[in-house]
Each structure stands twice: as C-alpha cells, then as structure tokens.
Amino acid sequence: MKKIFLFLFLIFIILLGVYIIKTQSTRNLATIPTTTSTTVAVDNVSITNMIIKEDQDNYIINANYPETNNTFINDDILSLIQSKIDDFKTIISKPSPISSKMTFDINYIIISNKDNILSLKFESESYAGTAHPSHLIFTKNYNIINNTEITFEQVVANDSILKSLSEFAIDYFKNQKFKFVLSLKGLEPNKENYQTFALTSGSAIFYFNENQIAPYTAGSFELKVPYQLFEVESIE
C-alpha cells in the first residue's frame, strides 16, 4: 500500500514540475521585446517594413522602405534609399542657416503586388533650412518572375506612344478646374516628364512632382492612363 502511495506521489510531483516549466516558459516569451518591423502577407512577395533612423546634432533622418523575400529587389531598393539619404547629407553638409534640426523622411505605398508585378510609390520630404520643405515622389516597378526592373521604355515603347500620352495628359489637366495657371511644359512629350510611374492591373499611373505642372502650393498630381493607350493589354 505504501508503495502505491509513493508511486502516486511521484506522479503528482512530475506533473506539477511539468506545469511549472510550461508556465514559466510562457512568461519568459511574453517578456521578449518586439522589433519595429512589420511583415505584410501579399499576393506575390512578403514585405517587411524596415527603418533607417539617424538623429545627429544638426539633422534627423527617418526612412521607411520595404524589404521583400527577393534579393534582387532588396538590393535595388536599399541602394535607391541610401542614394537619397546621401543626397540629403550632401545638401546639409554646409552649416545650417537655422537653429532647429534639418529633417529627411521617406515613406512608401504598395501600389500593386500581383500578376507578377510589384509596383512601389515612395514619398520623401526634406527640410534643409529653406523657406519650406521640399517633397519628391519616386517609384520602382519590378517583374517578379524575371527578377528585372520594368523600365519606362517597356511602358512607353516609342515616340508615337509618348506623344499620345502627352496629348492625353494635356487634355485631362486642361479640363480640370484649377485656380492656377497650368504649366504645359511639364506635360510635353519627353521621357523626363513621365519617368515617375506605377503599374496596376489595368492602367499605369504617372506622377507629376511639385513645381512640374503647377506652383509649389498646389502640390503633386497623378494621372491614371489605361493600357490601351500604350497599345498593350498589360505590362510585364
């Protein structure tokens, strides 16, 4: 009888020990600090938000950019972001004309991540002691299957299509009721005016930065153009 009680007591001690170990493990996991990156599940690639932060005596940098599960895309995006940061540091290398810190921020929007295309829109704001901050939109478009960047020439294949795109843009913006004078020079048929673009499943979106077609106070503009104008049904 004593042997039975002793056996049951040992079983109880073992079970109690297992319970304590599991409880303690759970508490330990709960105290592990989390990182600032966030992974988003999407159609073609997973995207994790990465941040570059610098806080120095005369400037602050806060750059958000996407990191994917594709090495080619990651290297290209990081190179782009770093070049923008380097450009800002070059500008502020001179003594600041103001007492407050100069700033540079980058954020991004996923325009499309399906049908083998990843299209990203970046927006930056920099303040380097001037009367007002400057803003810039820039984009990246990738063919995920081929591991290549989709270029302007793949979207606008020839001068005839570029001319049609310019006419489409001028007609669209002329029909808008603006309280400012439209600058048609920023809509002329040249690559520089239309090099900032993103891709969706049915159209291309062209972005016009501040001061390109309107005064600074009017901000930036965008124009959605159906693929039919480019004489294709889709871009790959």
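The values are calculated or read from the model by the stated rules, or taken from the named source; none is laboratory data. These figures come from a predicted structure and were not determined experimentally. Backbone-built Cβ (ideal geometry, glycine too); neighbour counts: all protein chains shown.
State which residue is nearest to the chain's Cα centre (by Cα) when the search covers only segment 60-74 and only residues that are in a helix (DSSP H, G or I) and surrounded by fewer than 21 Cβ atoms within 10 Å (Cβ to Cβ). Once the filter is applied, the top-ranked residue is N74.
Does segment 85-100 contain at least one residue that is buried (at least 18 other Cβ atoms within 10 Å of the Cβ) and either touching a His at 6+ places or on another chain (Cβ under 8 Å) or under 15 Å from K140 (Cβ atoms) (or both)? No, segment 85-100 contains no residue that is buried (at least 18 other Cβ atoms within 10 Å of the Cβ) and either touching a His at 6+ places or on another chain (Cβ under 8 Å) or under 15 Å from K140 (Cβ atoms) (or both). Restricting attention to segment 32-51 and to residues that are modelled with pLDDT of 80 or more and out of contact with any Leu (no Cβ under 9 Å at 6 or more places or on another chain), the residue that is farthest from E123 (Cα to Cα) turns out to be S46. Consider segment 131-170 and keep the residues that are over 23 Å from the mean Cα position of the chain (by Cα) and polar (S, T, N, Q). The one that is nearest to I91 (Cα to Cα) is S166.
Would it be correct to say that E149 is acidic (D, E) and either loosely packed, with under 13 Cβ neighbours inside 10 Å or at pLDDT below 95 (or both)?
Judged against the criteria, E149 is not a match.
The residue list F168, F138 contains one member that is surrounded by 14 or more Cβ atoms within 10 Å (Cβ to Cβ) and part of a helix (DSSP H, G or I), which is F168. On the basis of being under 18 Å from Y207 (Cβ atoms) and modelled with pLDDT of 95 or more, does I85 make the cut? No: the conditions fail for I85. Does E222 qualify as being within 18 Å of the chain's Cα centre (by Cα), outside any loop (DSSP other than H, G, I, E, B) and surrounded by fewer than 16 Cβ atoms within 10 Å (Cβ to Cβ)? Answer is yes for this residue. If I filter segment 182-199 down to residues being part of a loop (DSSP other than H, G, I, E, B) and in contact (Cβ under 8 Å) with a residue 24 or more places away in the chain, which single residue comes out as surrounded by the fewest Cβ atoms within 10 Å (Cβ to Cβ)? Per the criteria, the residue is N190.
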